[in-house]
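First the structure, in the form of structure tokens, and then the observations on it.
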Number of protein chains: 2
Amino acid sequence: MIDTPMFSRLALIGFGLIGGSIARAARAQGLVGEIVATARSAATRERVQELGIVDRVVESNAEAVKDADLVILCIPVGACGAATEEIAASLKPGAIVSDVGSVKAAVVRAMAEHLPANVHFVPAHPVAGTEDSGPDSGFAELFINRWCILTPPDGTDADAVEKLAAFWRAIGANVEVMTPEHHDLVLAVTSHLPHLIAYTIVSTADELEDVTRSEVLKFSAGGFRDFTRIAASDPTMWRDVFLNNKDAVLEMLGEFQEDLSKLTRAIRRGDGETLFDHFTRTRAIRRGIVEIGQDDAAPDFGRKQPQLAKKA
Amino acid sequence: MIDTPMFSRLALIGFGLIGGSIARAARAQGLVGEIVATARSAATRERVQELGIVDRVVESNAEAVKDADLVILCIPVGACGAATEEIAASLKPGAIVSDVGSVKAAVVRAMAEHLPANVHFVPAHPVAGTEDSGPDSGFAELFINRWCILTPPDGTDADAVEKLAAFWRAIGANVEVMTPEHHDLVLAVTSHLPHLIAYTIVSTADELEDVTRSEVLKFSAGGFRDFTRIAASDPTMWRDVFLNNKDAVLEMLGEFQEDLSKLTRAIRRGDGETLFDHFTRTRAIRRGIVEIGQDDAAPDFGRKQPQLAKKA
């Protein structure tokens, strides 16, 4: 469809699950002329070099962004401000600078204060991931049919926004634009609160006196194991999310606590009708998610089912 | 391995996900001579007849158990007492009577008071399932590498316990024996509390003023969708679980609330160290579950990943 790449040079700052997936997808789709990557740790840089997905691995953030026309920060949100300060003086005029952070308002502020006026700042958040992290965890298909939310500040060049949107669409994502504040509220409920709850219940189960860890593991197929997946996500990333989206998370936690109190009371009082009504309503949400292709229609997430040898 | 079936006649009272899976698995493994099934609703009975998995479908519980040497109640735990009363007079002397209930202490009491002394009562709980229900939802592989917990009352005939254990092993399950009270505590944390939390957060998300249902669905891949699966489980079954395991569930809820308060306080105070430490510990549980084969090692539960057409 297009003969020349969308961007001559893509710079990736950070090469974990998201950075690594962007590199693989952009490469597979021929969207970029050259990819330059960097990472904070020497071990990661070495591994990225070995993987052979990017054209060059460099040692510093400032070096990585030189002559890049698209720069994407793929690092924990708490590190975005300092990284932006490091690259500011080396950015090519007219470059698009973006990120992939799961929090927007605080990160946009932290980055914007360092950016020169001659670049286009288009913050982004691809709502996609797995529980894995590190340079080997990425894959080109991660963003397909997932949503990427752009939160451009007022006055951002419309062409730059459209160009970044086209990049995300080309690697399979749907694109939506909203304010950073609304993003943070929406993600507080669809992502941050679920992670907090999952992290909590997994440690609750691990610290009981009357139930052993071995029992928790063995009988986890009763439902618990579903929570352990997201509770195995990257601790640094999630620490930063909660520190940077405090207000929205606390607001959603308040709503959740009210609802949990209602159900707790129904259990204590033996109020079966309230429980039944509640449990009936929640089925519709699952159906809705499956219908729009945001989850697999197969039972049990389509988990692999072992086979039993037939009786001889 | 065995030439004659383990049981000449299996009676299944109820034919939902679990009953239907037992029927399919027992048939596939040639463990039973004949399967007689019944279900409360005429529509279910008709569907079971059409499916052709069992030998006979009958209209009443009492009729179903006649001459059966294994009787399994596969109905919501709240219905087990009344069903046992209905079958008591028709049971064959020496028959094994069992169930599949997710709660044991209350159910064992409710069933035991109706059972004649000349049958063997071996309560069971296969810790396996999907979010689907109804006669079409079962499959023969459901119990493979899952645990089936037996909670025989004191003095139960050891041969009867072993015979039921052998049946469950033959359809793929691992078997563990414990007291009903300990079962209820273990399952409160590995199954009942996770379901309660999932049911809560899904309705919290659905009732927000500032975030639309459409947004919740679209951005659910951020973590929320993982919770919607178990919150789509059968409402009657789960109402009965909470009504019948009230004390253990409330105890686990108390533990969970304490832990959630700790994390909430860490977020409010901006205490990144506490958050990071907490999020690091929970990874080990996920690894443990994957290592013992209770979940898939593939990222994202092994969910299917769509492919993107290569650029022309």
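Quick rundown of the values:
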| quantity | calculated |
| --- | --- |
| Number of the exception - A:Thr38 against (1) under 22 Å from A:Ala160 (Cβ atoms); (2) buried (at least 23 other Cβ atoms within 10 Å of the Cβ); (3) over 19 Å from the mean Cα position of the chain (by Cα) | (1) |
| Matching entry among B:Thr204, B:Thr200 (being over 21 Å from the mean Cα position of the chain (by Cα), more than 23 Å from A:Val100 (Cβ to Cβ) and of a type in the set (S, T, N, Q)) | B:Thr204 |
| Neighbours by Cβ (under 7 Å, 6+ apart or cross-chain): first from the stretch A:123-150, more than 18 Å from A:Ala37 (Cβ to Cβ) and in contact (Cβ under 8 Å) with a residue 24 or more places away in the chain; second part of a loop (DSSP other than H, G, I, E, B) and among the β-branched types (Val, Ile, Thr) | A:Pro123/A:Thr151; A:His125/A:Val100; A:Leu150/A:Val122 |
| Residue selected from the stretch B:267-284 under the condition part of a loop (DSSP other than H, G, I, E, B) and at the interface with chain A (Cβ under 7 Å from one of its Cβ atoms), by the criterion surrounded by the most Cβ atoms within 10 Å (Cβ to Cβ) | B:Thr282 |
| Condition check for A:Glu215: modelled with pLDDT of 95 or more, buried (at least 16 other Cβ atoms within 10 Å of the Cβ) and farther than 21 Å from B:Ser261 by Cα | yes |
| Residues of the stretch B:290-306 that turn out to be within 7 Å of another protein chain (Cβ to nearest Cβ) and closer than 23 Å to B:Phe224 by Cα, as a count | 11 |
| For A:Ser220: the one exception among (1) more than 7 Å from chain B (Cβ to nearest Cβ); (2) at pLDDT 95 or above | (1) |
| Selection from the stretch A:125-165 of residues that are surrounded by fewer than 18 Cβ atoms within 10 Å (Cβ to Cβ), more than 13 Å from every other protein chain (Cβ to nearest Cβ) and out of contact with any strand residue (DSSP E or B) (no Cβ under 7 Å at 6 or more places or on another chain) | A:Asp154, A:Gly155, A:Ala158, A:Asp159, A:Glu162 |
| Some residue of the stretch B:259-266 being touching a Leu at 6+ places or on another chain (Cβ under 8 Å), of a type in the set (Ser, Thr, Tyr) and not in a loop (DSSP other than H, G, I, E, B) | yes |
| Subset of the stretch A:281-312 (residues that are free of Cβ contacts under 8 Å to residues at least 12 places away in the same chain and over 26 Å from A:Ser220 (Cβ atoms)) | A:Arg281, A:Ala284, A:Gly288, A:Glu291, A:Ile292, A:Lys310, A:Lys311, A:Ala312 |
| Test set (1) touching a strand residue (DSSP E or B) at 6+ places or on another chain (Cβ under 6 Å); (2) more than 7 Å from chain A (Cβ to nearest Cβ) - B:Arg287 fails condition number | (1) |
| Unmet requirement for B:Glu85, which otherwise passes all of (1) crowded, with 18+ Cβ neighbours inside 10 Å; (2) of a type outside the set (Gly, Ala, Ser); (3) within 28 Å of B:Ser191 (Cβ to Cβ) | (1) |
| Some residue of the stretch B:22-42 being farther than 23 Å from B:Val108 by Cβ and of a type in the set (S, T, N, Q) | yes |
| Residue among B:Glu255, B:Glu207 that is surrounded by fewer than 24 Cβ atoms within 10 Å (Cβ to Cβ), closer than 25 Å to B:Lys104 by Cβ and touching an Asp or Glu at 6+ places or on another chain (Cβ under 9 Å) | B:Glu255 |
| Unique match (being more than 26 Å from B:Ala117 (Cβ to Cβ), more than 14 Å from chain A (Cβ to nearest Cβ), in contact with a helix residue (DSSP H, G or I) (Cβ under 7 Å, 6 or more places away or on another chain) and touching a residue at least 12 places away in the same chain (Cβ under 8 Å)) among B:Ile13, B:Ile87, B:Ile96, B:Ile35 | B:Ile35 |
| Qualifying residue in the stretch B:228-237 (condition: touching a residue at least 60 places away in the same chain (Cβ under 8 Å), outside the structural domain of B:Glu131 (by TED's automatic domain parsing), surrounded by 24 or more Cβ atoms within 10 Å (Cβ to Cβ) and among the charged types (D, E, K, R)) | no |
| Of the criteria (1) of a type in the set (Val, Ile, Thr); (2) away from chain B (no Cβ under 14 Å); (3) surrounded by fewer than 24 Cβ atoms within 10 Å (Cβ to Cβ), which one A:Val177 fails | (2) |
| A:Asp210 being closer than 23 Å to B:Val241 by Cβ, within 23 Å of the chain's Cα centre (by Cα), at the interface with chain B (Cβ under 7 Å from one of its Cβ atoms) and of a type in the set (Asp, Glu) | no |
| Test result for A:Val241, touching a helix residue (DSSP H, G or I) at 6+ places or on another chain (Cβ under 7 Å) and within 7 Å of another protein chain (Cβ to nearest Cβ) | no |
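For (1) hydroxyl-bearing (Ser, Thr, Tyr); (2) within 20 Å of the chain's Cα centre (by Cα); (3) closer than 25 Å to A:Val77 by Cα; (4) modelled with pLDDT of 95 or more, each residue gets a yes or a no:
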| site | (1), (2), (3), (4) |
| --- | --- |
| B:Asn245 | no, yes, no, yes |
| B:Glu251 | no, no, no, yes |
| B:Lys262 | no, no, yes, yes |
| B:Arg265 | no, no, yes, yes |
| B:Leu275 | no, no, yes, yes |
| B:Ala298 | no, no, no, no |
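The values are calculated or read from the model by the stated rules, or taken from the named source; none is laboratory data. Predicted model, so just to flag it, every value in this text is computed and none were measured. Don't worry about glycine lacking a Cβ; one is built from the backbone with ideal geometry, like all the others, and counts go over all protein chains shown.
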